[in-house]
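Working notes, beginning with the structure itself.
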Amino acid sequence: MKQILTYIILPCLLLTACRTDIPVTPAQEEQHGEKQLTSITGFYLLNEGNMGSNKSTLDYYDYPTATYRRNIYGETNPNVPKELGDVGNDLQIYGGRMYAVINGSNKIEVLDARSCKRIGQVDIPNCRYIRFRDNYAYVTSYAGPVQINPDYEQIGYVARFDTATLQIDAQCLVGFQPDELAIVGNRIYVANSGGYRVPNYENTLSVIDLASFTELKRIPVAVNLHRVRADRHNQLWVSSRGNYYDIPSRLYCISTQSETVIDSVDAAVSNIDIVGDSLYLCATEWSYLQMQDSVTYGIVDVVSHKLVTTNFITDGTEQSIKKPYGLKVNPVTREIYVTDAKNYVNPGTVYCFSPEGVQLWSARTGDLPAHIAFLGK
Amino acid sequence: MVLCWLSTLSAWADPVLDSIARQFELDEVTVSARRREEPVIPVQKLEGARLEGLSTQSVADAVRYFSGVQIKDYGGVGGLKTVDVRSMGTNHLGVFYDGIEIGNAQNGTVDLGKFSMDNIEQIALYNGQKSEIFQPAKDFGSAGTLYIKTRRPKFSADKRFNLSVTLKGGTFGLINPSVLYEQKITDNIHFSANAEFTHAHGRYHFRYRKVLADGSTAWDTTAVRLNGDVRACRAEAGFFGYLPEGKWHVKGYCYDSEKGIPGAIVNNVWKNSQRQWDRNAFVQGNFTKRITKGFDVQANAKYSNDWMRYLNPDTTLMYIDNSFTQQEVYLSLASRLAIVGPKGFVWHNSLNWDISLSADWQWNYLQGNLADFVFPERNTVLAALATQLDWTYIKAQASVLGTFVFDKLHRPTLTMPVANKQDPQFTPAVFLTAHPYIKDLYIRTFYKRIFRMPTFNDLYYTDVGNIDLKPEYTTQYDLGAEYTKSWQQGFLRTVDLKVDGYFNQVKNKIVAIPKGNGQYRWQMMNLGYVEILGCDVNGSITIDLTHDVLLSFAAAYTYQRAKDLSEPGEITYGGQIAYIPRHSGSATANLLWRGLSVNYAFIYVGERYHNSANIPENYERPWYTHDMSISYELPLGSRVEAISPRLYFALEINNMLNQQYEVILNYPMPGINGRGIIRLTI
């Protein structure tokens, strides 16, 4: 009996004794690229993390030291239970603060833009994208008002909150499942997707009056709208995801004066970024013939409405990008950043290209790298 | 071996069990008409006193004690529990309930958490296939096979009926009454009925904690797991018949449940509201008979109807209310011809040579209320040819299975169904056991190549499915040895040691890859390739301490190196696949003294990663639980023999050290929990 105790039960108890605590995941630092001194000191990259994994993380690239720091949120805010959250969907910097829209955690995480220290959070269920004007932030949400109604349809809304108090003070109902929004003049333009209503997608852009915060009208564009960005010529560039079957993804141009579609560009769109008169886009479209994505890295001239190139990567390195997902262009240096989401569950990669389209460096990111925000001086 | 030592053990401990065991053995003898002591194929079994001593609510809890097995457990009484054998994936395990496979044409996995241990007599896990060539073609069709055997009626002496009433209750608000009735209609026809009700609120505390570099607490939070409630009813009834040189049984099964899906715990979300309803019903039967000397046949048949509804009532998310109905018809005919042997056409005293041929037909149909659903229908024809050779020093089995699959899609928008024929598949298996000059030592090896068909979801699920998918193949190579010995008296009663080393390949692994520009849109593809190098070790020992005290120990250890070789150049290349620990194991101890049984069980799962990228962010800590149980069987009335009424009490404490752990990322498991059982048997 004594032997049994010595050889079987004791080792089991010992095993129990040495179970270690889990430390807050430390950030990892790597050197990438050349040191740079411009008015932009760095950029944050928000990794979405696959749904349910609670693995949304923040990375930071610092230009003056050319260092890439991966997973900085936990280290900077070690006392936040369950860290940043589940599925980061948008990242913006405004007035010295950074706002991370965490869709699966139903919140906007508000951080100090320079230190990345947490300031607070705004709870908005199923929040999608955020934009700002003066003292307010405007957030689109898929979540309908809570109602007990068997025929209830989940209409989306734009929530407005005060950036000083972080209190929501108004909501404005729009179409079904609104995605991006753009604020131009005294109007908010909201891209309605209707993504939960397959195959009856939405096909309009909601126009909201900023002062009264009420929906004025809808502009018909195309099915399943996603992105909406303003250029400096009073134009909105709106992307349609298509219906994934017979209607392909496409880019539309809307005049903010006439509030009508004035042109469209025959290009599929996953992500866009406008710098100066160049609209950078990347697109992955599934081809049932080849059973794989066909990828475009294009630039559209927002003045001529012409697709200038269908591959802004000029050194052939796009072959190594499995799933282009995030796209952002440094407004000062015009360096292009493309993120590779791979299979959505493995760690991704961020690639930096020169304005000429030559790959300068790449770094491993968190899972599903997607949203980049530049930090100015 | 296991059966053997258990019967010695029980012969001594409990005359009832002994008579059961003896009758069971008799039963096997009538059926197979042959002594098959050592299986050609490695088997792990749990039954009798040892099975009862383990604190197990569902079949999944019991399977944890086998080596080479990993359970994916999402936690709680109603939580999903699936089994992965030797890292080949949950879809490669065939689960058989009383001899006939439980199908799931929709997604290929069987939730073992749904199968209660209430009336289970034996659980056996075979790597490769069952050590038997006289079986339906389907039994040759999986990379690993789990047999769940429910209790067959047994009547001691002059008894005409058995009745037992059980009440289980415990933490998580568990209330679990059940009743079993067995009737001897005639000497050769027995009836059995069993019903069970389970209710639990499923709430439990869980705790997450992280520390700073200096060891001080960074954050520490405790919450209650919500929406884990379950309500389930199960009823089974069957007739069991015995014929001269044959037997038959027919049984019906129904299961009805409603449960909450507790979901992942993520930042700012501590409660989910998704729900699931299941209604499963089947009727199945088996008929086995020796037709003439050296020629046996068996027939099996089954009809099943499974309904499932999934509801997401949370209007802040996408509202989903989907329901699916699956139907299956299964018919099988198997035959065996003894060519050479004591009972064969050609008489030989020490040499046996058998051949078997079996053919199965299966029909599956899936209906659903999903948009654009294609209503898939599948006809599968399976044919197996197998042979077995027994000679004094060598036993060998070889089989080849042919699989022919024809799918038809009934898209509501089309007038004619669309056909989708899969390529015919022929897959071999070879098993060899040598019994060299060292007595009680067996050396064995096997090779098996098998595949799993893409499921209806893989092929046809709206938007995700890929109609061009090929089957996912596994190839297994195994080399092992077993030493087993038992003694009728003395200190040491039984010793058993099994060691198996194996190498598996999973080719054309079906994985989901993202497609197009939509969010979370996926496509199923045959892209994965995994290589698994592993080692399973099992040992058990029974010691007679005299004064009616019998002590037994069993332990299992598994080493697995499962390499993801799908994408060369990626960070995942060569990484250990998700949730497979390199080291895992279990240990159990059982002490028997007359009607008293004390059990201890330990389970260890080593460090893992939740992704093939084996980086610190994906690291999962080891976890281990200690469980204890104590039970006592009290004979009532004056008669000491087996037929007297008995009262059985048991008390179980699981996860005694209240370890906070997760098997799956963001699915916290319960801490310390307990259960009490009281059973009256008449």
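Values in this text are rule-based calculations from the coordinates and carry no lab data. Since the structure is predicted, the reported quantities are computational estimates derived from the model, not experimental observations. Counting neighbours? That spans all protein chains shown, and the Cβs are built from the backbone with ideal geometry, glycine included.
Given N residues in the range B:143-209, what is Rg(Cα) / (2.2 N^0.38 Å)?
1.68
Taking only Cα atoms of the protein assembly as shown, what ratio of Rg to Rh do you get with Rh as the Kirkwood inverse-distance radius?
Radius of gyration relative to Kirkwood radius: 1.01.
To the nearest 0.05, what FRET efficiency results for residue A:309 and residue B:318 with a Förster distance of 35 Å applied to their C-beta separation?
0.40
If you average the C-alpha positions of the range B:655-681 and of the range A:352-373 separately, how far apart do those two centres end up, in angstrom?
The two parts, judged by their Cα centres, are 46 Å apart.
With contacts defined as alpha carbon pairs under 8 Å and 6 or more residues apart, what's the relative contact order of chain A in percent?
Answer for chain A is 12 percent.
Please compute, for the alpha-carbon atoms of the range A:170-250, the extent along each of the three principal axes and give them in descending order in Å.
39, 29, 15
How large is the Kirkwood hydrodynamic radius of the range B:72-169, in angstrom, based on all distinct alpha carbon pairs? Present the calculation step by step, with values, prior to reporting the outcome.
Details: mean 1/r = 0.0650 Å⁻¹.
Kirkwood hydrodynamic radius for the range B:72-169: 15.4 Å.
Taking the Cβ-Cβ separation of residue B:311 and residue B:416 as r and a Förster radius of 45 Å, what is the calculated FRET efficiency to the nearest 0.05?
The calculated FRET efficiency here is 0.85.
Note the direction-averaged projected area, equal to a quarter of the hull surface, for the Cα convex hull of the range A:84-180, in nm². Could the numbers behind the result be given before it?
On the way: hull surface 24.8 nm².
Convex hull of Cα atoms, orientation-averaged projection: 6.2 nm².
Per q in 0.15, 0.21 1/Å, what log10 I(q)/I(0) does a Debye calculation on the alpha-carbon atoms of the range B:267-322 return?
The calculated log intensity ratios at q = 0.15, 0.21 Å⁻¹ are -0.66, -0.87.
Hey, what's the per residue convex hull volume over the C-alpha atoms of the range B:272-381, in cubic angstrom?
With only Cα atoms used, the range B:272-381 gives 130 Å³ per residue.
Among A:223, A:198, A:300, which comes first, second and so on when ranked by fewest other beta-carbon atoms within 10 Å?
A:198, A:223, A:300
I'd like the mean, over residues of B:603-612, of how many other protein chain beta carbons sit within 10 Å of each residue's own Cβ.
That works out to 2 on average.
Taking the highest mean first, how do the peptides B:433-439, B:625-631, A:337-343 order by number of other beta carbon atoms within 10 angstrom per residue? Intermediate values should be presented prior to the final figure.
Values: B:433-439: 12.7, B:625-631: 20.3, A:337-343: 24.4.
Per-residue mean Cβ counts within 10 Å order the peptides as A:337-343, B:625-631, B:433-439.
Restricting to Cα pairs below 8 Å that are 6+ residues apart, what does the relative contact order work out to for the range A:124-266? Please round to a whole percent.
14 percent
What residues from the range A:201-229 fall in the zone where the backbone N is under 13 Å from a label point 7 Å along the Cα-to-C-beta line of residue A:153?
Answer for this model: A:201-204.
Any chance you could tell me what percent of the C-alpha pair distances in the range B:44-681 go past 33 Å?
50 percent
Multiply the residue separation of residue A:167 and residue A:134 by 0.36 nm, subtract the distance between their alpha-carbon atoms, and state the gained length in nm to one decimal.
Full extension from residue A:167 to residue A:134 adds 10.4 nm.
For residue B:439 and residue B:237, what is the calculated FRET efficiency with R₀ set at 56 Å and r taken between the beta-carbons, to the nearest 0.05?
Here the calculated transfer efficiency is 0.75.
Can you give the Rg and Dmax of chain A based on its C-alpha atoms, in angstrom?
Answer for chain A, Rg first and Dmax second: 22.6, 91 Å.
How far is it, in nm, from the label point at residue B:163 to the one at residue B:363 when both lie 7 Å from their Cα along the line to the Cβ?
Label-label distance for residue B:163 and residue B:363, simple model: 4.2 nm.
With the contact rule set at Cα under 8 Å and sequence spacing of 6 or more, what percent relative contact order holds for the range B:371-475?
22 percent
Please average, across the residues of B:213-220, the number of beta carbons from any other chain that are within 10 Å of each residue's own beta carbon, and give a whole number.
Values: counts 5, 1, 3, 2, 3, 10, 8, 2.
Other-chain Cβ atoms within 10 Å of each residue's Cβ, averaged: 4.
Using just the helices of chain B, give the 222 nm mean residue ellipticity in deg cm²/dmol: DSSP H runs with n ≥ 4 each add -39,500 (n - 2.57), and the total is spread over all residues, rounded to 500.
Helix-only estimate at 222 nm: -2000 deg cm²/dmol.
Please report B:416, A:51, B:524 as a ranked list, fewest other C-beta atoms within 10 angstrom at the top and most at the bottom.
So the residues, fewest neighbours to most, are B:416, A:51, B:524.
Assigning unit charges at the beta carbon (Lys, Arg +1; Asp, Glu -1) and nothing else, what dipole magnitude in debye, to the nearest 20, does the range A:124-266 show about its Cα centre?
Its charge dipole is roughly 220 debye.
Which of the peptides B:420-428, B:479-487 is most tightly packed, and how do the rest follow, judged by the mean count of other Cβ atoms within 10 Å per residue? The partial results should precede the final answer.
On the way: B:420-428: 14.1, B:479-487: 17.0.
Result, highest mean first: B:479-487, B:420-428.
Using only Cα atoms, locate the centre of the range B:252-269 and the centre of the range B:73-134, then give the distance between them in Å, rounded to an integer.
When both Cα centres are located, 19 Å separates them.
Using only the C-alpha atoms of the range B:430-563, find the volume of their convex hull and express it per residue in Å³.
Output value, Cα hull per residue: 164 Å³.
Less than 22 Å apart at the alpha-carbon level, and either on another chain or at least 8 residues along: which lysines does that give for residue A:117?
A:55, A:82, A:107, A:377, B:210
Modelling each spin label as a point 7 Å along the Cα-to-Cβ direction, I'd like the residue A:209/residue B:335 distance in nm, to one decimal.
The two pseudo-label positions are separated by 8.7 nm.
Order of B:88-101, A:231-244 by packing, highest average Cβ count within 10 Å first?
Result, highest mean Cβ count within 10 Å first: B:88-101, A:231-244.
For the range A:124-266, just the Cα atoms, rotate onto the principal axes and tell me the three extents in Å, largest first.
So the three principal-axis extents are 44, 42, 20 Å.
Which pairs break 29 Å Cα to Cα here: B:138/B:470; B:72/B:130; B:289/B:408; B:247/B:470; B:289/B:421?
B:289/B:408; B:247/B:470; B:289/B:421
Enter the mean number of other protein chain beta carbons within 10 Å of the beta carbon of each residue in B:263-274, as an integer.
On the way: counts 1, 6, 4, 16, 16, 14, 10, 1, 0, 1, 0, 0.
Neighbouring Cβ atoms belonging to other protein chains average 6 per residue here.
Specify whether the C-alpha gyration tensor of the range B:521-590 places it in the rounded, prolate or oblate class, a ≥ b ≥ c being the square roots of the eigenvalues: rounded for a/c under 1.5, otherwise prolate if a/b is larger than b/c and oblate if not.
Judged from the Cα gyration tensor, the range B:521-590 comes out prolate (a/c at least 1.5, a/b above b/c).
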